[in-house]
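The values are calculated or read from the model by the stated rules, or taken from the named source; none is laboratory data. Predicted model only: the values in this text are computed from it and were never measured. Here the Cβ is made from the backbone with ideal geometry for all residues, glycine too, and neighbour counts use every protein chain on show.
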């Protein structure tokens, strides 16, 4: 089987970078993007603002306490989407095997693209800068997990590669907090058990990991800490739902903090739904807690209403005593009527 070559492209402070590009007068100032109401939260902020401690999902009033001269820009999703479309057109010049994760990041499978993956990533980043005046970082690796880790290695405006022959050595020294799904509190618990690097975690048996972390997450950790990830770049999945979600740099401890963060996501979801123009049958809220357990609450609905989203969030939040590390809100689309008898007889047809 041919060795995969995966590139993860991640735009640098995408929303804030666009605001700084479009308004050069604030380019050298701390800039945040988000709501300005009393309960508003930051969607993102530039690197200057981050130096003051500002971060995504932080209440605006708190951000202003940390950085009184913060420049707050309103969210302009249509502008961000237009730039995302231009960037994806650049991707398509190199491969049609593209898996967008959000407006500002995507996996590209360049296994069959001529040339070195390093050079391909470099050229993609060059074209993005030339055509949009924005910068991107890239990670190159034989699988998706490693590519995503690598893209963060030399941010902003850099790239890093983990070649197949370097995977074992790279993972040995990699901090466990860099693994997908390992947040600050989990990293603290592992550190208390004497585990700070993936090499140290590799010394744990599969049985011990499953006992400590649960069967599913323990088995995933066993593979991840060894740099193993066989997920393909998925380009053509039938969309059964549409949602937006955010993983927070710091866990949210209160229902009110979760409410503010979740309501800040609604404009993006509503914009996506308007573009999709597809009827939906349910609204749902997803919560992932600090112990990595997830829960979803949903109700039949034909409209995303604030009161419904708040009710679903409250129900989900009360299912665990742990803080929240991820929130999501979305809809499930109505299933199209099956009029073709062949489709009724072949249950796998829906997955093609």
Identify all residues within segment 130-146 that are touching a residue at least 24 places away in the same chain (Cβ under 8 Å) and either within 11 Å of residue 6 (Cα to Cα) or part of a helix (DSSP H, G or I) (or both); write none if there are none. 131, 132, 138, 139, 140, 141, 142, 143, 144, 145, 146
Got at least one residue in segment 156-176 being assigned by TED's automatic domain parsing to the domain that holds residue 10, farther than 22 Å from residue 228 by Cβ and within 18 Å of the chain's Cα centre (by Cα)? yes
Checklist (1) surrounded by fewer than 22 Cβ atoms within 10 Å (Cβ to Cβ); (2) in contact with a strand residue (DSSP E or B) (Cβ under 6 Å, 6 or more places away or on another chain); (3) within 27 Å of residue 159 (Cβ to Cβ) applied to residue 86, failing item: (2)
When you check residue 252 against the structure, is it outside the structural domain of residue 80 (by TED's automatic domain parsing) and either under 20 Å from residue 106 (Cβ atoms) or at pLDDT 90 or above (or both), yes or no? yes
From the list 111, 132, 95, which residue is surrounded by 14 or more Cβ atoms within 10 Å (Cβ to Cβ) and in contact with a strand residue (DSSP E or B) (Cβ under 7 Å, 6 or more places away or on another chain)? 95
Across segment 147-163, what is the total count of residues that are assigned to a helix (DSSP H, G or I) and either within 22 Å of residue 89 (Cβ to Cβ) or in contact (Cβ under 8 Å) with a residue 40 or more places away in the chain (or both)? 4
Residue within segment 195-203 that is part of a strand (DSSP E or B) and either at negative phi or under 21 Å from the mean Cα position of the chain (by Cα) (or both) present: yes
Tell me whether segment 216-227 contains one or more residues that are within 23 Å of residue 106 (Cα to Cα), surrounded by fewer than 16 Cβ atoms within 10 Å (Cβ to Cβ) and under 21 Å from the mean Cα position of the chain (by Cα). yes
